[in-house]
1. Picking from Val153, Val124, Val113, Val148, which residue would you name as being open to solvent by 50 Å² or more (accessible area, probe 1.4 Å), in a helix (DSSP H, G or I) and within 17 Å of Leu78 (Cα to Cα)?
2. Answer yes if at least one residue in the range 89-97 is touching a residue at least 24 places away in the same chain (Cβ under 8 Å), out of contact with any Lys or Arg (no Cβ under 8 Å at 6 or more places or on another chain) and more than 30 Å from Ile253 (Cβ to Cβ), and no otherwise.
3. Within the range 229-248, track down each residue that is touching a residue at least 40 places away in the same chain (Cβ under 8 Å) and open to solvent by 30 Å² or more (accessible area, probe 1.4 Å).
4. So, in the range 186-228, of the ones that are among the β-branched types (Val, Ile, Thr) and under 19 Å from Cys263 (Cα atoms), which residue ends up most open to solvent (accessible area, probe 1.4 Å)?
5. Would you confirm whether any residue within the range 89-96 is more than 18 Å from Phe66 (Cβ to Cβ), modelled with pLDDT under 85 and out of contact with any helix residue (DSSP H, G or I) (no Cβ under 9 Å at 6 or more places or on another chain)?
6. Any idea which of Thr242, Thr222 is under 27 Å from Val162 (Cβ atoms) and among the polar types (S, T, N, Q)?
7. Here are some conditions: (1) in contact with a Pro (Cβ under 9 Å, 6 or more places away or on another chain); (2) open to solvent by 30 Å² or more (accessible area, probe 1.4 Å); (3) aliphatic (A, V, I, L, M). Ala97 meets all but one. Which one does it not meet?
8. Residue by residue through the range 165-192, note down the ones that are without any contact (Cβ under 8 Å) to a residue 60 or more places away in the chain and assigned to a helix (DSSP H, G or I).
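The values are calculated or read from the model by the stated rules, or taken from the named source; none is laboratory data. Just so you know, these numbers come straight off a predicted model, no measurement behind them. Cβ placement follows ideal geometry from the backbone for every residue including glycine, while neighbour counts extend to all protein chains displayed. These accessible areas exclude ligands, DNA and RNA; they are computed on the full protein's heavy atoms, side chains included. Shrake-Rupley method; radii C 1.70, N 1.55, O 1.52, S 1.80 Å.
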Amino acid sequence: MALGGTSPTLFGCSAVLSALLLLGSYRVVKPWFVTRSETWHRVITFVPMTAYMATLGLVVVAAVSFLPGQPVVAGLALVMIWVFHVGGGVREPTSFAYERLRGRLTWTAALQVTAMCCGTVGVVCLIRDLPIPGRYAPAVFATCLSVVVGLVVASSKVFARVRKLATELDDRAQKMERCLDRLSHGAVADRRQLRDAAEDAWDALNRTLRNKVETGFHQYGTFVIPSETRKALETLVTEAITHPGGPPYRDAIAQLHMLRTACRAKIDTMA
């Protein structure tokens, strides 16, 4: 009874002490972190995602090691990787949204395909281990083969989606840039028409920015840029349209240029 009554107390004290230590560490490290360069900030804030990728690799290696002797355990582990990924996984930090976009277009597709591969191999392992009579073996083999073929097709579509998305982003961001430039340097008499064209260009770009990079399902996945970044860009573009040629115009052009630069490596007009 004494032990049962003491354990919650010890747990509570440990939790409070851990929280105090964490707060103290934050107060000590924050001045050092703030004075670091932008590169350091980008590296440090990406550590959780790097740790997630490393952990994912270790789980895959461990699951593969179980394949010969315990295919069910390996299959369940691989399926759980897919479930965790679909459930949200580990989110990328929202800072440096434009600077990280080029990498986001690559690693989101790679993680999606990796999770799909894990889930597919896991399902095949579970199916192959079912106590199915021998006369149904050809049907089981055909089912597993069709699942693998489906995986190849789906993986190809993921990468094609990323290339098509990057191409659309570059095209619509370029149109937005041109509309803002014409609005800022055009004749006052044509300003209403140019403003309408700029608003239409933003509507098209905004719809594209609302897409997920690796999937068409909105229940999970990664947006092109975080929602707060997209809303900030919308505010900036709206101000640039309302006040042509002012500071918002220059800031909007700079951000649109970063968006296009990030997409440049993925452009594929044939996708």
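1. Val148
2. yes
3. Matches in the range 229-248: Pro244, Gly245.
4. Thr222
5. At the first step, the residues of the range 89-96 found to be more than 18 Å from Phe66 (Cβ to Cβ) are 89-96.
Subset that is modelled with pLDDT under 85: 89-96.
This time we only want the ones that are out of contact with any helix residue (DSSP H, G or I) (no Cβ under 9 Å at 6 or more places or on another chain), so: none.
No, the range 89-96 has no match at all.
6. Thr222
7. Single failed check for Ala97: (2).
8. If the condition is that a residue be without any contact (Cβ under 8 Å) to a residue 60 or more places away in the chain and assigned to a helix (DSSP H, G or I), then Glu168, Asp171, Arg172, Lys175, Arg178, Cys179, Arg182, Val188, Ala189, Asp190, Arg191, Arg192 are the ones that fit.
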